[in-house]
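Visitor: One structure is given below, represented as structure tokens, and several questions about it will come after.
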Amino acid sequence: MKVLIAEDDRVSRRMLQRQLEKWGHDVVAAVDGRDAWEKFQADDFSIVVSDWMMPEMDGIELVRRIRESETAGYVFVILLTARSKKEDIIVGMEAGADDFLSKPFDRGELRVRLRAGERVIELERSLAQRNALLEEANKRMTRDLEAAARVQQSLLPSTMPDAAQVRFAWRYRPCDELAGDFLNVFRLGEQHIGMYVADVSGHGVAASLLSVSISRVMTPHASASSLLLKADARGDYRVVPPGEVVAELNRRFPMEECGDRYFTIVYGVLNLQSREFRYASAGHPPVVVLRPDQPPETLGVASLAVGWVADVDYDEHTVQLCSGDRVLLYTDGIPEAMSPEMEQLGEGRMLASIEQSRRQPLEESVRSLVRLVEDWCGRTGPKDDLSLLAVEIV
């Protein structure tokens with residue numbers, strides 16, 4: 001260990017230096033407190049042994065300066081003193097001293113106290129190394145999470161389907177880097193548009209991996225393995241009814257094979273020609289339909305989440321839409337958003353926001369609802385993922 005001695009008595013200083021060097025320490029000696037402070041600033045020391053009473057700067061002031069300085073590691077300080085009163089020890093401890101040694105010092109006692117200091121320093125160094133490793137691992141995990149979040153968000157709709165008869169708007173707000181929520185809207189041939197909003201139980205990596213798996217099987221591209229489009233006997237592709245799609249998801253994602261995770265989903269198909277919206281829901285919050293000059297209508301469906309029970313039939317529901325009608329699909333992160341007072345936003349406030357913003361453009365209406373949730377949750381923000389997909393018939 002590298003040790004700094006601060007002792008104004010020449011004989012005591014020399015005896016102390018010889019003894020420490022005999023025990024294998026690298027010793028630097030200072031003639032008083034000020035000299036010790038200058039040497040301390042110019043080098044790195046693990047242990048400081050200082051006399052209490054010294055000219056220029058006493059041991060108490062030296063200890064205070066050491067504790068106020070920025071050092072690479074912990075410095076163990078032993079004060080040499082003839083004082084033995086409790087009040088003096090308290091003063092020294094409050095200044096930052098770790099231990100005390102009576103003058104004239106006993107060699108055996110000095111060695112024991114130095115060993116105690118060495119153990120403290122070694123433990124501190126070991127802890128610092130572990131903290132450095134943990135910090136590097138945390139930085140690495142943060143980089144990985146940010147990269148995974150970018151991949152997940154790249155799967156969200158980049159452009160809306162090109163259809164003159166309908167407008168779309170959506171918002172996706174994860175509460176962590178990775179989310180269990182997911183949504184998409186896409187073309188299914190010339191006359192149909194498919195859309196869904198899904199919510200995987202939990203948060204973090206496991207939930208996000210399941211949400212990505214859902215998005216991969218819900219691809220709108222026609223193929224032999226497509227879940228949304230199936231080839232008929234002539235080789236033409238037909239749109240698979242929503243009830244069949246959700247039932248197939250339930251078969252493919254049993255909860256026991258997904259890390260005990262399940263998900264809710266609402267999947268619908270809009271016929272651009274007839275303006276008929278067919279959908280199926282698996283344990284998901286109600287679809288909201290807003291018609292001109294009518295209050296918002298919630299279309300709740302009693303059904304099980306995907307993964308709970310095998311071989312479940314999911315009913316289909318049909319809504320006939322007209323010009324000016326809006327349909328909103330969302331996750332429970334909106335109505336179940338919690339205020340700082342632990343009160344839920346609730347369906348009533350959500351519907352009131354939808355009602356109040358009915359005259360706004362669809363995009364602005366969606367932003368208004370998300371702002372309501374954020375304001376309701378306060379500074380800490382929503383504790384659950386939030387997804388919202390809105391459709392308006394032109």
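The values are calculated or read from the model by the stated rules, or taken from the named source; none is laboratory data. Given the structure is predicted, the values throughout are model-derived calculations rather than measurements. A quick note on method: Cβ atoms are made from the backbone with ideal geometry, for glycine too, and the neighbour counts reach across all protein chains shown. When the accessible area is computed, the model is the full protein with side chains, heavy atoms only, and any ligands, DNA or RNA have been set aside. Shrake-Rupley method; radii C 1.70, N 1.55, O 1.52, S 1.80 Å.
Visitor: Could you tell me which residue of segment 309-323 is nearest to Phe253 (Cα to Cα), considering only residues that are surrounded by 14 or more Cβ atoms within 10 Å (Cβ to Cβ) and of a type in the set (A, V, I, L, M, F, W, C)? Spell out how you get there, then give the answer.
Guide: Filtering segment 309-323 for residues surrounded by 14 or more Cβ atoms within 10 Å (Cβ to Cβ) gives 312, 314, 316-317, 319, 321.
Narrowing the set further to residues that are of a type in the set (A, V, I, L, M, F, W, C) leaves 312, 319, 321.
Values: Val312: 12, Val319: 28, Leu321: 32 Å.
Among those residues, the one meeting the criterion is Val312.
Visitor: Moving on. May I ask you to verify whether Glu343 is open to solvent by 70 Å² or more (accessible area, probe 1.4 Å) and modelled with pLDDT of 95 or more?
Guide: Taking the combined requirement at face value, the residue satisfies it.
Visitor: Here is a follow-up. Do you know which of the residues in segment 358-386 that are modelled with pLDDT of 95 or more and small (Gly, Ala, Ser) is surrounded by the fewest Cβ atoms within 10 Å (Cβ to Cβ)?
Guide: Across segment 358-386, the extreme among qualifying residues is Ser368.
Visitor: State all residues of segment 14-39 that are open to solvent by less than 70 Å² (accessible area, probe 1.4 Å), closer than 20 Å to Ile66 by Cα and assigned to a helix (DSSP H, G or I); if no residue qualifies, say none.
Guide: Of everything in segment 14-39, those that are open to solvent by less than 70 Å² (accessible area, probe 1.4 Å), closer than 20 Å to Ile66 by Cα and assigned to a helix (DSSP H, G or I) turn out to be Gly33, Asp35, Ala36, Trp37, Lys39.
Visitor: For segment 120-146, what are the residues that are under 14 Å from Glu177 (Cβ atoms), modelled with pLDDT of 75 or more and open to solvent by less than 80 Å² (accessible area, probe 1.4 Å)?
Guide: Thr142
Visitor: I would also like to ask the following. Filtering segment 157-173 down to residues that are open to solvent by less than 30 Å² (accessible area, probe 1.4 Å) and either in contact with a His (Cβ under 6 Å, 6 or more places away or on another chain) or part of a loop (DSSP other than H, G, I, E, B) (or both), which residue is farthest from Arg275 (Cα to Cα)?
Guide: Ranking the qualifying residues of segment 157-173, first place goes to Pro157.
Visitor: Before we move on, is Ser102 of a type in the set (Ser, Thr, Tyr) and touching a Leu at 6+ places or on another chain (Cβ under 9 Å)? Before the answer, list the steps.
Guide: Details: of a type in the set (Ser, Thr, Tyr): yes; touching a Leu at 6+ places or on another chain (Cβ under 9 Å): yes.
Yes, satisfied.
Visitor: Give me the pairs: first residue in segment 259-282 and over 25 Å from Ser201 (Cα atoms), second residue acidic (Asp, Glu) and in a strand (DSSP E or B), beta-carbon distance under 9 Å, and six or more apart or on different chains, which are they?
Guide: Close Cβ pairs satisfying both conditions: Leu270/Glu276.
Visitor: Something else now. Could you list all residues from segment 75-115 that are touching a Phe, Trp or Tyr at 6+ places or on another chain (Cβ under 6 Å) and either under 17 Å from Met15 (Cα atoms) or among the hydroxyl-bearing types (Ser, Thr, Tyr) (or both)?
Guide: Leu79, Thr81
Visitor: Given segment 194-277, what strands (runs of 3 or more DSSP E) lie entirely inside it while holding 3 or more residues that are open to solvent by less than 60 Å² (accessible area, probe 1.4 Å)?
Guide: Numbers: elements: 229-231, 237-239, 263-271.
Of the strands (runs of 3 or more DSSP E) lying wholly inside segment 194-277, those with at least 3 residues that are open to solvent by less than 60 Å² (accessible area, probe 1.4 Å) span 263-271.
Visitor: Sticking with this one: Looking at Ser46, Ser12, which one is under 50 Å from the mean Cα position of the chain (by Cα) and of a type outside the set (Asp, Glu)?
Guide: Just one listed residue meets the conditions, Ser46.
Visitor: Something else now. Taking segment 346-357 as the region of interest, how many residues are loosely packed, with under 14 Cβ neighbours inside 10 Å and not small (Gly, Ala, Ser)?
Guide: Of the residues in segment 346-357, 2 are loosely packed, with under 14 Cβ neighbours inside 10 Å and not small (Gly, Ala, Ser).
Visitor: Take the residues in segment 50-82 that are in a helix (DSSP H, G or I) and among the acidic types (Asp, Glu), then tell me which one is nearest to the chain's Cα centre (by Cα).
Guide: The extreme case among them is Glu68.
Visitor: Among the residues of segment 40-82, which ones are loosely packed, with under 12 Cβ neighbours inside 10 Å, hydrophobic (A, V, I, L, M, F, W, C) and within 22 Å of Ser102 (Cα to Cα)?
Guide: Ala82
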